[in-house]
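The values are calculated or read from the model by the stated rules, or taken from the named source; none is laboratory data. Note that this is a predicted model, so its numbers are computed, not measured. Cβ coordinates were reconstructed from backbone atoms using ideal geometry, including for glycine residues, and neighbour counts include every protein chain displayed. Only protein heavy atoms, including side chains, enter the accessible area calculation; ligands, DNA and RNA are left aside. Shrake-Rupley method; radii C 1.70, N 1.55, O 1.52, S 1.80 Å.
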Amino acid sequence: MTTRIITGVVLGVLAVVLVAHGGLVFFFVIAALALLALSEFYRLTRMYRPLPLAGFLGVALMVSMAWFFSPIALFGAIAAGVLLTALLGLAAGPKPGVTVRMAVTVLGMLYIGLGFSAVLLLRPMDDNGLILLTVIFGTWAGDTMAYFTGRFFGSTPMAPVLSPKKTWEGFAGGVISTVLLVMFVGLYSPLHPGGSFLLGVTIAVAGPLGDLFESLVKRDVQIKDSGRGIPGHGGVLDRFDALIFAAVSSYFVLSLVLGF
């Protein structure tokens, strides 16, 4: 736990510095994290023999289009990644399992690519990156408080098969903490109180779903952690699984509902 807390504090400080700075440094760090997360996903699903070349090129193109061009260009990158996957599938020939190989490849590409592209798209929504920091810390606050609330007060399993330690009491604690934090930070951001509340609820619900989704994949392949790169947290995917879902959901809420 001590290692986990220290690592979390260090990651929090780095997040503030990187997001506030923005620019190419921010882009390259997010792109590197995306590729590391994708490599972990393909390592988790290696039993299905994905086609990593297509996935890596697709994700690299997706994050680049999201940062340097526009959300519309991101759809072109997705199409290119899917097309490349199909071409590599054709090159592999009509062998048993080729459809599964292509499907897992595209799943990883979309799962990781959309998540980290959303992080990049959130950064320009305000001048100092406060909205993106709100999403990041709202997600982490919910995860942290859900853990402690569940540990001390939890008694009703939320998803006993996927994640036995998650409880509804912990989920409630995480939701309350996330909404309160987002609404507090919203006092200093362009968001109005109603928008802050909606964003907080979005993060509070999407984050745990992202955590459960990765748990589903790990249960399927019977692997505990996606990697060991982050002390006390496992791999990159283990640390960012909730943020991936939260970032995508937050981007759509902010852009489509709140007009950012």
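At-a-glance table
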read-out	value
Accessible-area value, Ser249, 1.4 Å probe, nucleic acids and ligands omitted, Å²	40
Heavy-atom accessible area ranking, 1.4 Å probe, most first, across Leu114, Leu199	Leu114, Leu199
Efficiency of FRET from Cβ geometry, Asp127 and Leu209, R₀ 35 Å, rounded to 0.05	0.70
Estimated distance in nm for a label pair at Thr3 and Trp168, the labels positioned 7 Å out from Cα along Cα-to-Cβ	3.5
Whole-number accessible area per residue in Å² for the chain, which is evaluated in the context of all protein chains at 1.4 Å	48
Carbon/sulfur fraction of accessible area - segment 181-244, other protein chains in place, 1.4 Å, %	65
Rough spin-label spacing in nm, given labels placed 7 Å along Cα→Cβ, for Leu256 and Leu90	3.2
Entry for mean projected area of the Cα convex hull in nm² (calculated from the structure that is shown) out of (1) 16.3; (2) 13.6; (3) 15.0	(2)
Segment 154-252: chymotrypsin sites (Phe, Trp or Tyr not before Pro) in DSSP loop, at most 10 other beta carbons within 10 Å	Tyr188
Phi to ³J(HN,Hα) by Karplus 6.51 cos²θ - 1.76 cosθ + 1.60 over segment 137-152, Hz, x for Gly, Pro	6, x, 5, 5, 5, x, 5, 5, 5, 5, 5, 6, 5, x, 5, 9
Accessible-area value, Tyr111, 1.4 Å probe, nucleic acids and ligands omitted, Å²	20
Largest-first ordering by accessible area, 1.4 Å probe, given options Thr2, Thr149	Thr2, Thr149
With at most 12 neighbouring Cβ atoms within 10 Å, loop trypsin sites (Lys or Arg not before Pro) (DSSP) excluded, longest segment of the chain	1-223
Distant-in-sequence amide H partners of Met158 (H built 1.01 Å from N, under 5 Å)	Lys166, Thr167, Trp168
Ellipticity estimate at 222 nm from DSSP helix runs (n ≥ 4, -39,500 (n - 2.57)) divided over the chain, nearest 500	-26000 deg cm²/dmol
3J(HN,Hα) from dihedral phi, segment 20-34, Karplus parametrisation 6.51/-1.76/1.60, rounded to Hz, x for glycine, proline	5, 6, x, x, 5, 4, 4, 4, 5, 5, 5, 4, 5, 4, 4
